Structures are given as C-alpha cells and as structure tokens.
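The values are calculated or read from the model by the stated rules, or taken from the named source; none is laboratory data. Nothing here was measured: the structure is a model prediction, and the numbers come from that model. We place every Cβ from the backbone using ideal geometry, glycine too, and count neighbours over all the protein chains shown.
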Amino acid sequence: MSFILPRALALSLAVWSVACAPHESPSSPAASHPSAPPSAPPAPRLVVALVVDQLPLWLLLERAPTLPRTGGFARLLDEADAAVELRFRHAHNATAPGHAALFSGASPHDSGVTSNGRLAKGGAFESSLNDPSARLLGPSPVEGASAPSLASLRVPTLADALRARHPTAFVAALSLKDRGALFGGGRSPTATLWFDSARDAFVSSSALVAAVPPWARPFCEPGAGAAYRRAPWVPADPRWLADRLGGAALEVDLGQGDFHGLGRFFPHDVAAAARPSKAFVATPFSETMLVALAHAAIDEAARTVGPRLLSLSLSTHDYVAHVFGPDAPEAWDELFRLDAALAGLLEHLERAVGPEGYAVVLSADHGGPRTPEAVAARPCAGAVDRFERPCRPGSRLVDRELAASLDRAVDRAVGEGRWIEGVLEPFVLLSAEARHRPELLERVLVTTVAALRATPGIAFAEDVRRMPTTCPAAHDESLAALACRSIAGTEGGDVFFAPAAGSFVDTGYVEGDGCNHGGPWLYDRAVPLIVRSRRGTRPRAAPFAPERRVDERAFAATVAALLGVEPPPAARGGAVLAP
C-alpha cells in the first residue's frame, strides 16, 4: 500500500522544498564568474538518530559513571555538543507514542498514536500499526501475513520532511520492533526493517518499500537469527558485574521472569528455550544481530551521495527490563554490552565516513521504574526521589483482572451483562452491548471511572468524552494536562487511566514478574538527549549532568538541523541543540 499525504501536509512539505531550495543571487561569486570551476561541496554527513528503548534518565545518571571509559556512552558524552534532559509531555509513555513523538514532534493527542496496540477479535493484542492491506516482506512477500504501516499516523515525520526536500536521500530505519522502526523511516524509506520472531529474521512492509534491499537480505532470510544465539548468555565481564552488585549473588530474587524457558538466572541457554526465536529478543544476542544490520546500512550509506539518515532503535534494553527488571544482573550485563555495541557502532561510522562524516543524536522513547521486589530489597529515605520514584513498592495491575473487576462493578450498578470488552493500557474499552444501550451508557461510564479511581495502584481515570479537545499549554505538566495529550478522541478506548507512582500494568511477558513502564511520572517521562555533531568538541571531566530541560520536539528539530532541512511541522519551536 502506498501512503498519500493529506493535501494540507503535502502542500506544507512542498512549501519547505521551495523555501529551502538552494539559490544564487546575481551578485554572488558564482554568478559573476561563470567560468570559474565550481568547488565541490562537502559530502553531507550521515546523521544517526539513536533511540535506546526504555532508557530512563535516572538510570543513565546512576550507571554511566560505572561503565568503562572505552565504551560508547563515555565517548558520546566526551564529544557531546549537548547532553540534556528530555521530558515527554504525555502521560502514557510507551514505545509507539514515544517514537512517534520523537520523530514527528507531536504528542499522541496530535499524532493519533496513543498506545502500542489495540484489542483484536477475541481480545487478542494487535499492533496499533497493523494494516490489513499491507503485506509482510522478507526476501519475497510472505503469503497471508498482514504488515504494519503509518496509515494511523496523522502528521509528517522527520524522514518525510527529509524526503520532501531531498527525494533521493538515503533513509534507513532499523529496530527489533515494528513500532521502533516505522516512525524513524517515515512513509517512503530506503529501508525500514524489524525483527519478526515467527520468521526468526528481519522483515519489512509492502506499505513502505517494494522489496528488501540487497544489503539487508542476509538478515531477512528465514532462520537468520539462529546464527546469533549459539552460545549461552553469561556475564560479559563477571568482575565488573560483581562490583555493580556489591557482592550479591546472581540468583537474588528481584522480580526476574522466565521468558519462554530462558530461565530466571544466569546462565541463559537460548537454544534450549521452549521458543528460541521468541526468547532471543530478551537477550543481548538480538542486539548483536541488530547492530550488525546497522553496520551493513552504514556501509551502504557510505556508498551514496546526498543527505543520509539512519534511525536505529535499540530494543533489547527494553525487553530485558520487561522480563528481568532494571536491577537484575541481566539488566546490568545488557547495559555493559550495549555500551560496547555503541562503541563498536561509533568506530564503524568513523571507518566508513570519517570522524567528521557523521553526527549522532541519542535519546529514549520512554523511561521506566524499578520492580516492587527491587524497591523492597533496597529501601530509601523519604517518600519519593527527584524522579518521583516512591520508596515503597508499588503494585502490578493485571489487565484481565482489572477488566473483570470493572465488569462486576458495572453489574452492581446497572444489572448483569458483558459491559467491558477489555483493558489495554492506557484504555478501558466498553463492549458492543454497552455501546448499543444508550440509556445505560452514561451510567456504565460513570461507574467504570469511579471503580478505576477506587482501585489501588490507579492515579487517574476519566471518560475520554469528558476530556478537553484542546490541551493546556506545553509547559503545563499537571496530570490532567499530560492525560489530555495522551488521547486522540475515542479511537484508543472509552476510559483513559494512568497508574500510580511505582505501580504499572503487568507486561504479560511473564505474568507476575519483570517490570513495565507507561506512567506519567518522571521516571517514565524523563530521558537523556545527547547530541554529538563532530569529533572531540568538548571532553568532559565530570560525570554526565543534564545542562537544561527540553521537550520531545528537540529530537526531531535537532536531527533536522543536522540534515539541513526544516523540521516536521509539529517539531517547530523545539530546541535545536546542534551547533
């Protein structure tokens, strides 16, 4: 399926193309001396937009000083033009809304991307980007398999703005997740690829490209992932890890889950898991495969001319936190390996395009809390810290249990029936029976909201029909304002809710274990934003400390400035952190 921009957006992008087109005045040297040989302009830099999935600012502040000085984070911070705090302005902080906000500058209220998924028939989870008219692509189309597209996105992306200005620009977007890749690649990428565990390989969508490019095909052959998980996962540096854990045993219970038979504690034999290709994503080996694909994309970009954008969303960090929790030995080891992978990526960029031939903008799509078990194991003083992390363990909310509880509450108020279709964070969806009973609908909604507000672990609940259509100014970080920016009409669901500080909706990866994000609190909303435009700009003697605070528009605005194009409309006004 090909995407046709709405007329207003297409006109807007066309105006940028005209306004930003190069031109010469009659008095310019080139016009006055037509016989002078033209000087070759410097090749445009390769701009790498890096998103580390679920990298809260609190975690980087606490753990960056423990990482090796030879690692990627230390190098980026040493060479950074800016290292700041980015605060998202919406309440439900998850992968799809976060990536959409970074790459368009728009909050979910305006982008239309309010959650990771939606309820399909029978209550099953379906990607919010799934498009029945699109087909999954490997080296050849996958029969019968639908694929995601950006049909639900209401605004232009950074990549769309780049394509409008430079139609032949190189644009590649890579991730383990479709929702981590699509927004970075925009509507007409050179390549947008993500990992499909059913095929154990990277795939794309017919809505985006006609075919998988030759440089990516080895990673797209069915079963390609198996080559990256031949050895068990053990700590990369046992001594470093032991220092981080303060001598604690690797088997301490911090809420770790057993994902598809991967096991709760080291070592983890992926090949012996019940579903190796599923368990693969929650191990650093999946990151190794993704970064190898990124190296191939960099090599291809180095052979091209014109502007070049590589969007790379590193998803393993998120999966490991979901399954094991951010305080588990596995999370520490994954961060150590991620740091080394970033160092390798920077070295590969330098070899491919030279030290001045690339720029990097690194951020995250959301943050995350600690598990209740980890909070209980390490008490802290006071009620909450600067990132609104409570010192008392929160609770895990299970969506199906929450739905059943709400249904019983409505039964008591209006009589027995099937009133709640399901809960898919951050929404409660009413059943068809409730929707088709207009005389009862108001009571059903009022009861549902009241029952949610009375539920331990819930901080906010409101009927989306009662929420304002115009949200407060960007500087307003009240819970009501953050919630307003998280909805886009009634498309996501009927009632919006947000968890209390320290609480979260269970991920479903391993029910009752692991960790989840999704809240309006600073541990979920505050992430790092690091900009490196050229080599060795400002070595840092002190640990990383954010110099200022910006919102999500700064990411797209800064990457656009590095590419030499106007940002997408929703990112206008965002802080530009590139020199």
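Thr288 versus (1) polar (S, T, N, Q); (2) touching a Gly at 6+ places or on another chain (Cβ under 7 Å); (3) outside any loop (DSSP other than H, G, I, E, B): which is the lone unmet condition?
(2)
Among the residues of segment 488-499, is there at least one that is of a type in the set (Ser, Thr, Tyr), modelled with pLDDT under 95 and in contact with a Gly (Cβ under 7 Å, 6 or more places away or on another chain)?
There is no residue in segment 488-499 that is of a type in the set (Ser, Thr, Tyr), modelled with pLDDT under 95 and in contact with a Gly (Cβ under 7 Å, 6 or more places away or on another chain).
Taking segment 355-373 on its own, how many of its residues are within 25 Å of Arg179 (Cβ to Cβ), assigned to a loop (DSSP other than H, G, I, E, B) and either of a type outside the set (D, E, K, R) or not assigned by TED's automatic domain parsing to the domain that holds Gly306 (or both)?
Adding up the residues that qualify gives 6.
Do you know which residues across segment 437-464 are of a type in the set (D, E, K, R) and more than 28 Å from the chain's Cα centre (by Cα)?
Residues satisfying the conditions are Arg437, Glu439, Glu442, Arg443, Arg453.
Looking only at segment 150-202, how many residues end up being closer than 29 Å to Arg229 by Cα and assigned to a loop (DSSP other than H, G, I, E, B)?
Residues that pass the stated criteria total 7.
Please enumerate the residues belonging to segment 187-217 that are closer than 13 Å to Val171 by Cβ, touching a Pro at 6+ places or on another chain (Cβ under 8 Å) and of a type in the set (A, V, I, L, M).
Scanning segment 187-217 gives Ala191, Leu208, Val209.
Residue check, Phe73 against (1) within 14 Å of the chain's Cα centre (by Cα); (2) buried (at least 20 other Cβ atoms within 10 Å of the Cβ); (3) farther than 26 Å from Leu162 by Cβ, all met but one. Which one?
(1)
Can you tell me which of Leu102, Leu137, Leu129 is surrounded by 18 or more Cβ atoms within 10 Å (Cβ to Cβ) and free of Cβ contacts under 8 Å to residues at least 60 places away in the same chain?
The match here is Leu129.
Of the residues that make up segment 342-354, is at least one under 18 Å from Val270 (Cβ atoms) and outside any loop (DSSP other than H, G, I, E, B)?
no
Is it the case that some residue within segment 329-337 is among the aliphatic types (A, V, I, L, M), assigned by TED's automatic domain parsing to the domain that holds Leu59, surrounded by 23 or more Cβ atoms within 10 Å (Cβ to Cβ) and under 17 Å from the mean Cα position of the chain (by Cα)?
yes
Can you tell me which of (1) surrounded by fewer than 19 Cβ atoms within 10 Å (Cβ to Cβ); (2) under 29 Å from the mean Cα position of the chain (by Cα); (3) assigned to a helix (DSSP H, G or I); (4) in contact (Cβ under 8 Å) with a residue 40 or more places away in the chain is the one Ala376 doesn't meet?
(4)
Considering segment 467-497 alone, what residues qualify as being surrounded by 20 or more Cβ atoms within 10 Å (Cβ to Cβ), over 22 Å from the mean Cα position of the chain (by Cα) and among the β-branched types (Val, Ile, Thr)?
Residue satisfying the conditions is Val495 alone.
So which of Asp196, Asp178, Asp200 ends up being in the same structural domain as Pro284 (by TED's automatic domain parsing), under 20 Å from Glu221 (Cα atoms), more than 20 Å from the chain's Cα centre (by Cα) and acidic (Asp, Glu)?
Values: Asp196 fails: more than 20 Å from the chain's Cα centre (by Cα); Asp178 fails: more than 20 Å from the chain's Cα centre (by Cα).
It is Asp200.
How about segment 54-120: which helices (runs of 4 or more DSSP H) wholly inside it have at least 3 residues that are of a type in the set (A, V, I, L, M)?
By residue number, 57-63, 72-78, 95-104.
Among the residues of segment 353-373, write down those that are surrounded by fewer than 24 Cβ atoms within 10 Å (Cβ to Cβ) and over 17 Å from Glu79 (Cβ atoms).
Pro372, Glu373
Specify which of the listed residues (Ala561, Ala575) is closer than 21 Å to Ala80 by Cα and either in contact with a helix residue (DSSP H, G or I) (Cβ under 6 Å, 6 or more places away or on another chain) or of a type in the set (Val, Ile, Thr) (or both).
Only one candidate qualifies: Ala575.
Which numbered condition trips up His436, out of (1) under 24 Å from Arg400 (Cα atoms); (2) crowded, with 18+ Cβ neighbours inside 10 Å?
Among (1) under 24 Å from Arg400 (Cα atoms); (2) crowded, with 18+ Cβ neighbours inside 10 Å, His436 violates only (2).
Being more than 23 Å from Ser486 (Cβ to Cβ), β-branched (Val, Ile, Thr) and surrounded by 16 or more Cβ atoms within 10 Å (Cβ to Cβ) narrows it down to one residue among Val444, Val414; which is it?
Matching residue, one of Val444, Val414: Val414.
Can you go through Tyr509, Tyr523 and tell me which one is out of contact with any strand residue (DSSP E or B) (no Cβ under 8 Å at 6 or more places or on another chain), aromatic (Phe, Trp, Tyr) and farther than 18 Å from Ser115 by Cβ?
From the options Tyr509, Tyr523, the qualifying one is Tyr523.
What do you reckon, is Val142 touching a strand residue (DSSP E or B) at 6+ places or on another chain (Cβ under 7 Å) and at pLDDT 95 or above?
no
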